[in-house]
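Enquirer: The following block contains the structure, expressed as structure tokens.
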């Protein structure tokens, strides 16, 4: 089970009332820390990182209004890229939430709000909706943001990008974009026409030119079949030297005793099993929906 599969499972069990639901972050060390982009809504303060069952030191929290990404090279993308390159983030989650006030903003309402602040229309960008990233659906906003991140040249192909929606009333997470599925499909190279790999991609081989390839005149197996019929025999094996120690000789078998089984070496990298600490449980402020 991958990290966010375990997070979603623990979250859904906790929302359903399972007091034993939790997560052992040490089991997912290769996928931590997590980078999360959420909205600036202060109601989210009580949820993160509790809702993901992650310790605070493994949670890199980025926020902007509406968790909006406007382009693959936006300022938010700069922060996501540096969180990966500098802080070592392994997976990205764009996390929206229900009852988002930004989603309720239309261009006309936004103009009225700026007018109340003393900002006239001519001082604002002409493409108001595009500049502020006004959207009408939290799910569509998540899908669009994940597409921008996945297609950004600043984010490497090794980083899964997830889209989650948090129910602000119950604390339940909905997996809108499964980054593992998108990551796996984008990591596979395109299959060439005809089902055969292109030689130029694998080894940069030059084009075949008739007459350049040389073949032996004898038949396969002739050298082995001719041994003892006038052909030179194979050279004797090289005796062991100081640089090539001789093979160990097994101890003699005493009559009436069964030979001892060979000693199996310990598996490389094998460690003693250490009991895991109690799992980190999702926040207790969940309410059943």
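None of the figures in this text is laboratory data; all of them are computed from the coordinates on show. What you see is a predicted model, and the numbers here were worked out from it, not measured in a lab. Neighbour counts run over all protein chains shown; Cβ positions are idealised from the backbone, glycine included.
Enquirer: So how long is each side of the stretch 113-180 along the principal axes, counting just the alpha-carbon atoms, biggest first, in Å?
Expert: Sorted from largest, the Cα extents of the stretch 113-180 read 45, 36, 15 Å.
Enquirer: Can you tell me the FRET efficiency between residue 104 and residue 12 if r is taken as the Cβ-Cβ distance and R0 is 30 Å, rounded to the nearest 0.05? Numbers along the way, then the final one.
Expert: On the way: r = 28 Å, r/R0 = 0.92.
With a Förster radius of 30 Å, E is 0.60.
Enquirer: Compactness ratio of the stretch 66-122: Cα Rg over 2.2 N^0.38 Å, N = residue count?
Expert: Values: Rg = 15.9 Å, N = 57, 2.2 N^0.38 = 10.2 Å.
Rounded to two decimals, the normalised Rg is 1.56.
Enquirer: Please work out the Cα center distance from the stretch 77-92 to the stretch 1-70, rounded to the nearest Å.
Expert: With the stretch 77-92 and the stretch 1-70 each reduced to a Cα centre, they are spaced 16 Å.
Enquirer: Here's a follow-up. So how long is each side of the stretch 1-67 along the principal axes, counting just the alpha-carbon atoms, biggest first, in Å?
Expert: The principal-axis extents, from largest down, are 33, 29, 17 Å.
Enquirer: Let me know the volume per residue of the alpha-carbon convex hull for the stretch 1-151, in Å³.
Expert: Working: hull volume 20.5 nm³, N = 151.
Hull volume normalised by residue count: 136 Å³.
Enquirer: Classify the stretch 63-169 as rounded, prolate or oblate, taking a ≥ b ≥ c as the square roots of the eigenvalues of its Cα gyration tensor: rounded when a/c is under 1.5, otherwise prolate if a/b is larger than b/c and oblate if not.
Expert: Working: a/c = 2.53, a/b = 1.67, b/c = 1.52.
Prolate shape, in that a/c is at least 1.5 and a/b is the bigger ratio.
Enquirer: Oh, and also: With labels modelled as points extended 7 Å from the Cα through the Cβ direction, what inter-label distance (nm, one decimal) is found for residue 168 paired with residue 87?
Expert: Result: 2.4 nm between the two label points.
Enquirer: May I ask for log10 I(q)/I(0) of the stretch 30-72 at q = 0.16, 0.21 Å⁻¹, from a Debye sum over the Cα atoms as equal point scatterers with solvent left out?
Expert: -0.45, -0.72
Enquirer: Still on this model: For residue 127 paired with residue 40, estimate the spin-label separation in nm (one decimal), with each label point 7 Å from Cα along the Cα-to-Cβ line.
Expert: According to this spin-label approximation, the distance is 2.2 nm.
Enquirer: For the stretch 89-180, what does the relative contact order come out to in percent, with C-alpha contacts under 8 Å and a separation of six or more?
Expert: Reported as a whole number, the value is 39 percent.
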